[in-house]
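Let me begin by presenting the structure, written as structure tokens, before commenting on it.
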Amino acid sequence: MASIDVAPEICVRSSKDVVFVKEIGGGMLGAVFVAKTLSTLTTCCVKVMHKWKVAHLDQEKNVSRELELMKRFDSPFLTRALGAFQDARALYLLMDYLPGGDLFQLLVSGPFRGGQFPVDIAQFYAAEVLVALEYIHANEYVYRDLKPENVLIDADGHIKLTDFGFCRRLLRGERAYTTCGTADYMAPEVMLAQGYDQLADYWSFGVLLYEMLVGYAPFASANDGARHRRIVTSDLKFSTAYFPLTAKSLISRLCVVDVSRRLGSSARGVWDLKSHNFFTVDWADVTMRRLAPPHVPARRELDFTENSVSRHKSREIIKALERRGERERAECGAPAHRSQGDEFRGF
């Protein structure tokens, strides 16, 4: 098992120690903000999660596990937790600020042609994602939520995987049975709850590579039933306009329903994928981040001055989020959160 070191933390104990600048995204449990820490003026992202929603969706264990893993994982291709705290209404998770957005945004509105990556660009991002998965698997975890939205781009143009709420420990020979993740990227054994291991991530990796080359997921369908049928039969369709033979070969060997025939299932493990002729990279260069990224985000200074105005704006942002959360809670009829004191370990 590879060693895991603890990421350095920023000393932040409450929302008064952070100035929230603007909202940049949302998720199942809350919202994500760009923020500055008052003690060090460090730019970071803060994921704010409503406690009632975490409890209503039975996500207490996943949230605590995500924080634990983000503190412990030590890879340049995985996002880190810089700190965490909580108050009566919400959980706050401080993370690296990654100005390049996510891979989905880069596909849709980036500088590349028509919502698809050229093969060499797709190869770069696929190689770095594979090294990230290799690290997770080497530490005896399965990721279970690989998709373009969870592949972030840092200031230098390299990738970092994020969102470890579904990531769980899985020792050699063990199987997981929970159906979780995002349907378009879910392996058939996950969708059918048949028992699965880290090879499920390689199916998702094949789906991700397909989407990078054509701009949409391979099993996208008009309805859930049609998508389910296409996934459990691996109904792949390739257009020669987008797929060189090497890419078609790799994806076809990853999106295989019979897990014993899926690439990566042999004793060579990840090297089944690394040695495929789709990849023409030096893997030591990939691991050390020595390859030149195809796209480096424009460097923009955050428009921020620490003063009474910015602090007032920050408080208004938090109040607005609380009001929005209460409206959502009332609409879905969820009970208000009643803290038990120890359900959110680490915050």
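Quick note: the coordinates plus some simple rules give every number you see, no bench work behind them. Keep in mind that what you see is a predicted model, and the values were worked out from it rather than measured. Counting neighbours? That spans all protein chains shown, and the Cβs are built from the backbone with ideal geometry, glycine included.
Of note:
- Relative compactness, the stretch 103-287, computed as alpha-carbon Rg over 2.2 N^0.38 Å: 0.96
- Length available on full extension from ASP120 to TRP271: 0.36 nm per residue minus the Cα-Cα distance, which gives 52.4 nm.
- Rounded to whole Hz, the Karplus (6.51, -1.76, 1.60) HN-Hα couplings of the stretch 259-273, x for glycine and proline: 4, 5, 9, 6, 4, x, 7, 7, 5, 6, x, 4, 5, 4, 7
- For VAL257, VAL32, order by how many other beta-carbon atoms lie within 10 Å, fewest first: VAL257, VAL32
- Working from Cα pairs under 8 Å separated by at least six residues, relative contact order for the stretch 103-287 is 21 percent.
- Nearest-0.05 FRET efficiency for ASP258 and PHE104, computed from C-beta distance (R0 35 Å): 0.70
- Positive-end extreme of charge dipole, the chain - chosen from LEU213, HIS56, LEU91 (charges on Cβ): HIS56
- Extension gain, LEU57 to MET288: 0.36 nm times the residue separation minus the Cα-Cα distance gives 79.3 nm.
- Label positions at ARG72 and SER221, each projected 7 Å from the Cα along the C-beta direction, are separated by 3.7 nm.
- Virtual paramagnetic centre 7 Å along Cα→Cβ of ARG113, amide N under 13 Å, in the stretch 218-241: 241
- Residue-wise HN-Hα coupling along the stretch 80-87, computed from phi with Karplus coefficients 6.51, -1.76, 1.60 (Hz; x: Gly, Pro): 10, 8, 9, x, 7, 7, 8, 10
- Exposure proxy order (Cβ contacts within 10 Å, fewest to most) of MET288, MET212, MET191: MET288, MET191, MET212
- Here the peptides 100-111, 228-239, 49-60 are ranked by packing, the mean other Cβ count within 10 Å, and the order with the highest first is 49-60, 100-111, 228-239.
- Full-extension gain in nm, GLU328 to ARG315, via 0.36 nm per residue minus C-alpha separation: 2.7 nm
- Under 5 Å, built H, 5+ apart or other chain: amide partners of TYR141: LEU170
- Restricting the stretch 110-195 to trypsin sites (Lys or Arg not before Pro) in coil, as DSSP defines it, with at most 15 other Cβ within 10 Å: ARG172, ARG175
- With the convex hull constructed from alpha-carbon coordinates only, the stretch 13-92 shows a mean projected area of 5.6 nm² over all directions.
- Extending 7 Å from the Cα toward the beta-carbon at both ARG13 and LEU171 defines two label points whose distance is 4.0 nm.
- With the helix formula -39500 (n - 2.57) applied to DSSP H stretches of n ≥ 4, the chain reaches a computed 222 nm mean residue ellipticity of -10500 deg cm²/dmol.
- Relative exposure of TRP283, TRP203, judged by other C-beta atoms within 10 Å (fewest first): TRP283, TRP203
- Residues with amide H under 5 Å from that of GLY83, placed H, sequence gap 5 or more: ILE10, LEU94
- Angle between the chain longest axis and helix 119-138 axis [Cα atoms, degrees, rounded to 10]: 70
- Pairs from LYS160/LYS237; LYS51/LYS71; LYS53/LYS248; LYS71/LYS248; LYS36/LYS274; LYS16/LYS61 whose Cα-Cα separation, in the structure shown, is over 32 Å: LYS53/LYS248; LYS71/LYS248; LYS36/LYS274
- The chain - Debye-derived log10 I(q)/I(0), Cα point model, q = 0.06, 0.09, 0.10, 0.14 Å⁻¹: -0.23, -0.51, -0.64, -1.22
- Phi angles across the stretch 56-62 convert, under the Karplus curve 6.51 cos²θ - 1.76 cosθ + 1.60 with θ = phi - 60°, into 3J(HN,Hα) values of 4, 9, 6, 10, 4, 5, 5 Hz, Gly and Pro given as x.
- Close amide H contacts of VAL18 (hydrogens built in the peptide plane, cut-off under 5 Å, sequence separation of 5 or more or a different chain): LEU38.
- Taking the Cα centre of the chain as reference, the dipole from Cβ charges on Lys and Arg (+1) and Asp and Glu (-1) amounts to some 460 debye.
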